[in-house]
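The values are calculated or read from the model by the stated rules, or taken from the named source; none is laboratory data. Note that the structure is a prediction, hence the values are computed from the model and not measured. Neighbour counts are summed over all protein chains in view; Cβ atoms, including those assigned to glycine, are modelled from backbone coordinates with ideal geometry. Remember, those area values only see protein heavy atoms, side chains included, never the ligands or the DNA or RNA. Shrake-Rupley method; radii C 1.70, N 1.55, O 1.52, S 1.80 Å.
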Amino acid sequence: MKARTRFAPSPTGYMHIGNLRTALYEYLIAKASGGDFILRIEDTDQKRYVEGATDIIYNTLKTVGMNWDEGPDIGGNYGPYIQSERLPLYQEYAHKLVELGGAHYCFCSKSEADEQKDEEMNIKFKDPCLHISLEEAKKRVAAGEPYVVRQTINKKGKATFNDVVYGDIEIDYDELDEGVLLKSDGFPTYNFANVVDDHLMNITHVVRGNEYISSTPKYNLIYEAFGWTPPIYVHVAQVMKDAQHKLSKRNGDASFQDLVAKGYLPEAILNYIALLGWNPGTEQEIFSLKELEQVFDEKRLNKSPAIFDITKLKWMNGCYIRALPFEEFHQLANKEYDTFLTREVNREELSKVLQPRIETLKDIAETAAFIETLPTYSDELFINKKMKTDVGIAKKSIALAIPALEGLSEWTNESIFECLKAVAVENGLKNGQVLYPVRIALTGLETTPGGASEIAAVLGKQETLTRLKQTA
Ligand code: GLU
């Protein structure tokens, strides 16, 4: 069967990592079956609407390469794909549902309805309007009395349904609230709109957070009343910050945009979140989106919550940085250089030095800060047993290196390296006794990305000699 899945974000102006993961699983289920991935904007909660938020959704999906087959911007056979443009549809279906006995008109004021809520503000609504005959209710509606369409839940016993991740689920009908489906302003609630849209859009699989499990029997009652077939349900476990806390904007946790701003590559983020809640059943951890399309199987989704592990993401991002074609890495790194480098240096050489050594693009400014400004350091740094250097040897080597480097016409990593090696040989010194002190003099740091000749190549001849002369 060709799957039709939908990603149905609300335009909140923020792409939560858990939402992006849901989108990814939806996308993979569709693509693994040669089916379609649909984008639907759920903007019926006008209080939550944020200007420009749909662009964030579009841009995020495009950036990670999850292209949709139908959606607000490209259309399709099942549009419109923005819920606020579908209001007449929800109204039509809400009235139909009343006729079918799956809902009723309710004329209680909000405060009257609130009075019926239990202490936890869960509505166990025993709606007095249930006793109004349909005929009378319709008259009151026609007369212009404000009303909502409220779900009627009169079944007893247990609702059962199957979920791909959690298996067979049973929920007491008594636990379901008679929630509002259509508000007095004519807007649907999520609880109604999702069912109408998923049916009308021929959605085969619904992937969403497991917080929706307890409401699913209510949706099934709506499907049943209309005589529609419910979709296959795939409820996914939460993404957690730690064992107790959900990853959420309220806790100041990262969104997709925040992670990109922190120097993570979109492909790495996507790869990481694929594994947050799903496992391939093999040791493989690095997957491109294309590879995921081949191997993804929703039966391997995990029931237990996934903890967002930034250390693991960092490691994975490092793998992606190293795998980038050099030119691509250099382009990304160049943008970072612009933020802190005023000095004219050989940026290509710098990128060569950094690419194998950093984990996020934001590591660049810190790792390469010494290129812009030589840190102050103590002479003790020249003492190194392994390199057989002390302050005396270091100063002597640097003094010998200066004229040799001054005479060098070609300034490359290789030519500098050969030149410094020759200085060592000609003066009866070990390579390390020249290379190590030169590296310290150029960087002021014990550990650096790259060796003496690589750093000299980055700095250029003039700055290299200036730094060496400062030390000698
Ligand atoms: N708009 C809902 C949300 O953002 C979608 C849930 C669903 O996929 O049904 O949580």
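What to note about this one:
- Region 10-41, subset assigned to a loop (DSSP other than H, G, I, E, B) and open to solvent by 10 Å² or more (accessible area, probe 1.4 Å), residue nearest to the ligand (Cβ to nearest atom): S10
- The helices (runs of 4 or more DSSP H) falling completely within region 211-281 that include 2 or more residues that are farther than 30 Å from E178 by Cβ and open to solvent by 10 Å² or more (accessible area, probe 1.4 Å) map to 256-261, 266-275.
- Region 196-213, subset touching a strand residue (DSSP E or B) at 6+ places or on another chain (Cβ under 9 Å) and over 17 Å from V164 (Cβ atoms), residue nearest to the ligand (Cβ to nearest atom): D197
- Boolean, T63 is at pLDDT below 95 and in a helix (DSSP H, G or I): no
- Pairs with Cβ under 6 Å, 6+ apart, first in region 3-29 and among the basic types (K, R), second open to solvent by less than 20 Å² (accessible area, probe 1.4 Å) and not in a loop (DSSP other than H, G, I, E, B): R6/I38; R21/I273
- Tally of residues being part of a helix (DSSP H, G or I), charged (D, E, K, R) and either touching a residue at least 12 places away in the same chain (Cβ under 8 Å) or within 14 Å of E26 (Cα to Cα) (or both) across region 282-296: 1
- Which listed residue, of S415, S409, is of a type in the set (S, T, Y), surrounded by fewer than 18 Cβ atoms within 10 Å (Cβ to Cβ), at negative phi and at pLDDT below 95: S409
- Options K158, K218; residue that is of a type in the set (K, R), in contact with a strand residue (DSSP E or B) (Cβ under 6 Å, 6 or more places away or on another chain) and more than 20 Å from A306 (Cβ to Cβ): K158
- Criterion violated by P403 - all others in (1) in contact with a Cys (Cβ under 8 Å, 6 or more places away or on another chain); (2) open to solvent by 60 Å² or more (accessible area, probe 1.4 Å) satisfied: (1)
- Residues within region 72-106 that are on the phi > 0 side of the Ramachandran plot and touching a strand residue (DSSP E or B) at 6+ places or on another chain (Cβ under 6 Å), tallied: 1
- Residues within region 43-60 that are more than 23 Å from L270 (Cα to Cα) and at pLDDT 95 or above, tallied: 0
- Put simply, of Y166, Y190 the only residue that is out of contact with any Pro (no Cβ under 7 Å at 6 or more places or on another chain) and either over 14 Å from Q83 (Cβ atoms) or away from the ligand (no atom under 15 Å from the Cβ) (or both) is Y166.
- For region 318-355, residues that are open to solvent by 40 Å² or more (accessible area, probe 1.4 Å), under 23 Å from Y272 (Cβ atoms) and in a helix (DSSP H, G or I) total 6.
- Of all residues making up region 70-92, the number that are open to solvent by less than 60 Å² (accessible area, probe 1.4 Å) and not in a helix (DSSP H, G or I): 10
- Listed by position, the helices (runs of 4 or more DSSP H) enclosed by region 366-472 that each have at least 1 residues that are more than 30 Å from E336 (Cα to Cα) and without any contact (Cβ under 8 Å) to a residue 12 or more places away in the chain are 391-406, 413-426, 431-443.
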